[in-house]
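Asks: This is the structure I want to talk about, given as C-alpha cells.
FYI, it's all coordinate maths here, none of it is from the lab. Everything quoted here is computed from the prediction, not taken from an experiment.
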Amino acid sequence: QVQLVESGGGLVQAGGSLRLSCAASGRTFSSYALGWFRQAPGKERQFVAAINWSGGRKYNADSVKGRFTISRDNAKNTVYLQMNSLKPEDTAVYYCAAHYGVVTTTAGSYENWGQGTQVTVSS
C-alpha cells in the first residue's frame, strides 16, 4: 500500500503550463507503476499518462501526446506530470494512481489513488 498526495493544480490560461506532483509514502515506491488520470464534470475518469517502475517505459493518451510528460524520481518518492500548451478541454480533476505490477493504462488496475487536484484552463 502507498498513500498518494497530489499538488500543483490551479487556474491557468490556455497555452500555459503547470507541473503536477504526487508524493507517495511507503518504502516500496520503486516497485509501483504510476499513472495520471483525469475526470471532468459529468464525464468518466480518463487515462492521461503512465510510467513503469524505472521510468524506462511511458505511455500517453493521444489527447496529450506532445504536450504532457510524465516522469518519476524514486529517490524522492514522487511522480510528476508536466503539462504544456494547456487547452480548456484539459480542465479536470487530476488523480495520481499506483499499481503494484506492470505498467498499465487501465484505471481499474490501479489499487491506490490520491485525492485529486483541480486543473482549470481558461480560454
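Asks: Taking Cα pairs under 8 Å and at least six residues apart, what relative contact order does the chain come out at, in percent?
Replies: It comes to 36 percent, rounded to a whole number.
Asks: Using the Karplus curve 6.51 cos²θ - 1.76 cosθ + 1.60 with θ = phi - 60°, work out ³J(HN,Hα) for each residue of the range 109-116 in order, rounded to whole Hz, and write x for Gly and Pro.
Replies: 7, 8, 8, 10, 9, x, 8, x
Asks: Measure out, as a whole number of angstrom, how far apart the alpha-carbon centroids of the range 10-44 and the range 54-123 sit.
Replies: Using only Cα atoms to place each centre, the spacing works out to 4 Å.
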